[in-house]
Amino acid sequence: MPDVTVDLADRSYHVLVENGALARAGERIAALGIGRKFAVITDDNVARHHLEPLAASLAQAGLESTTHSVAAGEASKSFATTAELCGALAAAGHDRSSAVIALGGGVVGDLAGFVAASFYRGIPFVQIPTTIVSQVDSSVGGKTGINLPQGKNLVGAFHQPRLVVVDPDTLGTLPSREFREGFAEVIKHAAIRDARMLDDIAALDPASTDVPADLIARNISIKARIVEEDEHETSGTRALLNFGHTIGHGIEAAVPYGQLLHGEAISLGLRAALFLSERRAGLDPQDSSRILSLLRHFGLPLTLGPAVESEVVLDRAARDKKFSSGRIRFVLLRAAGDAFVSTEVTRGDMADAIENLREEP
């Protein structure tokens, strides 16, 4: 089965994509040689479905583990939860010779990775993502972090995992809405780097959680190659992964918690970015329609209600990390599969794109 390498010199690691990999994770983790004692950080929902096979696999491989579960949801990405977890790890006897395993979706991965980056000034960690978003995107690349009231992921660290274990079978336990929202990131990857993938995505059945391992691996490869080019987002290449995220994150931060899932907000952000790509980069409207039809195929939202004020979205977006010294760095498409970072998008452009979301596409 696919095994993607993220080549970062002495920080390189493998991403194993294999059905049934969760039950065999202990063997792969033991082979890393990063310790014998592991802190498994997960959430209440994931633990019910996937903790037992992982714990059994670790024990079978001769590894000791403790479990630390947090409440499911974005609210757990906080300083308070980070402090609680670090205290729990210390109380359980973990030290600089221990390692962390993140078992869950993007929230768990970001949070557990930040704990690993902070505890004893940094200990190794392994990602075992269990959602589409985390499998194709957030588990790879080393971005860890927590949220502030002012915005998502404003506190964090670059801390690369030592291994990522992706088991597509874990997707079968996701509720339909949580499963489908992840395809906003899959569609984003195709839009920025692999237009041929758009047809493969269109062929998927949104009602089925049986996602081909090779499709997941292709997404991971796109992310891996970009991370290799620009690990710490200094050259601008890694910013391409933010296509749809500037306005998407602004919308996500502007609505009450839980009203929109991350991928749902990104879907709206993608539509806004396509609008601006047509205006500022000459994107063919047929390319826009093709991408919008995929978002619609997975039941993702494309229209923003009047209750979400444009000025609030713009204010939240302006606090996002994608702004540099107050300047907007906005990812646009010249064509499907051909993305670039523009500094020509204005606040007025963004306001127009948000207002365009009020209309049916």
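The values are calculated or read from the model by the stated rules, or taken from the named source; none is laboratory data. This one's a predicted model, so the numbers in the text were calculated from it and none came from an experiment. Cβ sites come from the backbone with ideal geometry, for glycine too, and all protein chains shown count toward neighbours.
Tell me whether segment 276-285 contains one or more residues that are touching a Pro at 6+ places or on another chain (Cβ under 9 Å), surrounded by fewer than 21 Cβ atoms within 10 Å (Cβ to Cβ) and without any contact (Cβ under 8 Å) to a residue 24 or more places away in the chain. Talk me through it step by step, then tell me what you get.
Of the residues in segment 276-285, the ones touching a Pro at 6+ places or on another chain (Cβ under 9 Å) are 278.
When the remaining residues are screened for being surrounded by fewer than 21 Cβ atoms within 10 Å (Cβ to Cβ), the result is 278.
From what is left, the residues that are without any contact (Cβ under 8 Å) to a residue 24 or more places away in the chain are 278.
Looking for residues that are touching a Pro at 6+ places or on another chain (Cβ under 9 Å), surrounded by fewer than 21 Cβ atoms within 10 Å (Cβ to Cβ) and without any contact (Cβ under 8 Å) to a residue 24 or more places away in the chain, one finds at least one in segment 276-285, hence yes.
Segment 156-262 holds helices (runs of 4 or more DSSP H) entirely within its bounds, and those carrying 3 or more residues that are of a type in the set (A, V, I, L, M) and either assigned by TED's automatic domain parsing to the domain that holds residue 304 or surrounded by 20 or more Cβ atoms within 10 Å (Cβ to Cβ) (or both) map to 183-193, 197-202, 213-229, 245-254. The set of residues from segment 254-287 being more than 22 Å from residue 240 (Cβ to Cβ) and either of a type in the set (D, E, K, R) or in contact with a Lys or Arg (Cβ under 6 Å, 6 or more places away or on another chain) (or both) comprises just one member, 254. The single condition from (1) assigned to a helix (DSSP H, G or I); (2) buried (at least 24 other Cβ atoms within 10 Å of the Cβ); (3) not small (Gly, Ala, Ser) that residue 52 fails is (2).
Residues 305, 282: which one is under 30 Å from residue 208 (Cα atoms) and not assigned by TED's automatic domain parsing to the domain that holds residue 76? Residue meeting the stated conditions: 305.
For segment 178-203, the tally of residues that are touching a residue at least 60 places away in the same chain (Cβ under 8 Å) and either aliphatic (A, V, I, L, M) or in contact with a Pro (Cβ under 9 Å, 6 or more places away or on another chain) (or both) stands at 11. Could we say that residue 95 is within 30 Å of residue 206 (Cα to Cα) and outside any strand (DSSP E or B) here? Considered against the rule, which asks whether it is within 30 Å of residue 206 (Cα to Cα) and outside any strand (DSSP E or B), residue 95 comes out as no.
Can you tell me which residue among 87, 93, 122 is on the phi > 0 side of the Ramachandran plot, without any contact (Cβ under 8 Å) to a residue 40 or more places away in the chain and outside the structural domain of residue 252 (by TED's automatic domain parsing)? Break it down into steps so the answer makes sense when it comes.
Values: 87 fails: on the phi > 0 side of the Ramachandran plot; 93 fails: without any contact (Cβ under 8 Å) to a residue 40 or more places away in the chain.
Result: 122 is the single residue among 87, 93, 122 that is on the phi > 0 side of the Ramachandran plot, without any contact (Cβ under 8 Å) to a residue 40 or more places away in the chain and outside the structural domain of residue 252 (by TED's automatic domain parsing).
When segment 55-84 is examined, which residues are found to be within 14 Å of residue 100 (Cα to Cα), in a helix (DSSP H, G or I) and small (Gly, Ala, Ser)? Steps first, please.
Here is the first cut: in segment 55-84, the ones within 14 Å of residue 100 (Cα to Cα) are 55, 58, 63-69, 82.
Next, from what is left, pick out any that are in a helix (DSSP H, G or I): 55, 58, 82.
Hit for segment 55-84 is 55, nothing else.
If I filter segment 330-341 for residues that are in a helix (DSSP H, G or I), modelled with pLDDT of 95 or more and either among the polar types (S, T, N, Q) or buried (at least 16 other Cβ atoms within 10 Å of the Cβ) (or both), do I get at least one hit? Scanning segment 330-341, I find no residue that is in a helix (DSSP H, G or I), modelled with pLDDT of 95 or more and either among the polar types (S, T, N, Q) or buried (at least 16 other Cβ atoms within 10 Å of the Cβ) (or both), so the answer is no.
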